[in-house]
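Take a look at the structure set out below.
The values are calculated or read from the model by the stated rules, or taken from the named source; none is laboratory data. Bear in mind that the values here come from a model prediction, so they are computed numbers and not experimental data. Cβ placement follows ideal geometry from the backbone for every residue including glycine, while neighbour counts extend to all protein chains displayed.
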Amino acid sequence: MSLREKKAAKKREDILRSASLVIARQGYQHATMEDIAAELLMTKGSLYYYFKNKQELLFYCHDLILSKAISKMEKIQREDISAEDKIKKAIKAHVAIAIEEKEIFNLIIEPEQIFSEEHIGRIIEKRDRYTGFFDQFIEEGIRNGEFNLKQKKMARMMIMGAVNWTQVWYSAAGEYDKKEIQTIYAEYLVKMLV
């Protein structure tokens with residue numbers, strides 16, 4: 001990737017992060033491209049150079065988080081560790097993303113309510129790929145005798161439901177820091193698998 005391409009990619013990511021803040025603050029329906037451009041101190045026309053409309057911008061916000069999350073899962077999958085350690089790392093990674101990317105994460109809970117047919121298929125495909133890593137780690141644990149459960153899909157949905165709620169209540173000023181929350185979630189949630 002050339003320096004120019006890196007700069008353009010960085011600018012797009014900056015736009016996505018600013019857009020997520022504006023949309024989180026004002027709501028998807030009320031935030032405008034003008035509001036987002038103003039947050040970035042750029043013209044609306046410049047913003048349209050990067051994204052054709054608000055829905056496309058939100059799609060790429062969602063895609064940014066899913067791509068980051070999938071990359072983390074791929075790294076965990078390649079590690080030569082137990083399935084229990086993989087699922088713990090996956091839970092910790094998910095909690096970290098939910099906390100670090102809170103604004104964007106809050107926007108992507110129910111994509112079906114926002115995205116058109118043009119985008120929803122790609123989002124669902126990436127989400128399925130992401131949750132598929134949790135299914136793989138659980139299945140691996142069952143095969144290895146580390147986990148003892150019959151309702152694999154239900155266990156995964158319970159884990160995902162619990163970790164997805166983190167960004168709703170998390171506060172940096174709270175009793176536990178991010179690392180402690182990651183560890184607590186991983187320890188407690190893995191107990192239901194054994």
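Does M1 qualify as being more than 24 Å from A96 (Cβ to Cβ), in contact with a Lys or Arg (Cβ under 6 Å, 6 or more places away or on another chain) and surrounded by fewer than 19 Cβ atoms within 10 Å (Cβ to Cβ)?
Working: more than 24 Å from A96 (Cβ to Cβ): yes; in contact with a Lys or Arg (Cβ under 6 Å, 6 or more places away or on another chain): no; surrounded by fewer than 19 Cβ atoms within 10 Å (Cβ to Cβ): yes.
No, not satisfied.
Can you tell me which residue is farthest from E5 (Cα to Cα) among those in the range 17-67 that are more than 16 Å from the chain's Cα centre (by Cα) and among the aromatic types (F, W, Y)?
Y28
Under 18 Å from the mean Cα position of the chain (by Cα), basic (K, R) and assigned to a helix (DSSP H, G or I), is that true of K11? It would help to see each step written out before you state the result.
Details: under 18 Å from the mean Cα position of the chain (by Cα): no; basic (K, R): yes; assigned to a helix (DSSP H, G or I): yes.
Against the criterion (under 18 Å from the mean Cα position of the chain (by Cα), basic (K, R) and assigned to a helix (DSSP H, G or I)), K11 does not qualify.
Just one of the numbered conditions (1) closer than 30 Å to V190 by Cα; (2) not assigned by TED's automatic domain parsing to the domain that holds I138 is not true of D85; which one?
Looking at each condition in turn, D85 falls short on (2).
Going by the structure shown, is Y49 assigned to a helix (DSSP H, G or I), closer than 30 Å to Q136 by Cβ and either touching a Lys or Arg at 6+ places or on another chain (Cβ under 7 Å) or of a type in the set (S, T, Y) (or both)?
So Y49 fails the test.
Out of all the residues in the range 46-59, is one or more touching an Asp or Glu at 6+ places or on another chain (Cβ under 7 Å), outside the structural domain of V95 (by TED's automatic domain parsing), over 14 Å from F105 (Cα atoms) and free of Cβ contacts under 8 Å to residues at least 60 places away in the same chain? Lay out the reasoning, then the answer.
Initial filter on the range 46-59 (touching an Asp or Glu at 6+ places or on another chain (Cβ under 7 Å)): none.
Scanning the range 46-59, I find no residue that is touching an Asp or Glu at 6+ places or on another chain (Cβ under 7 Å), outside the structural domain of V95 (by TED's automatic domain parsing), over 14 Å from F105 (Cα atoms) and free of Cβ contacts under 8 Å to residues at least 60 places away in the same chain, so the answer is no.
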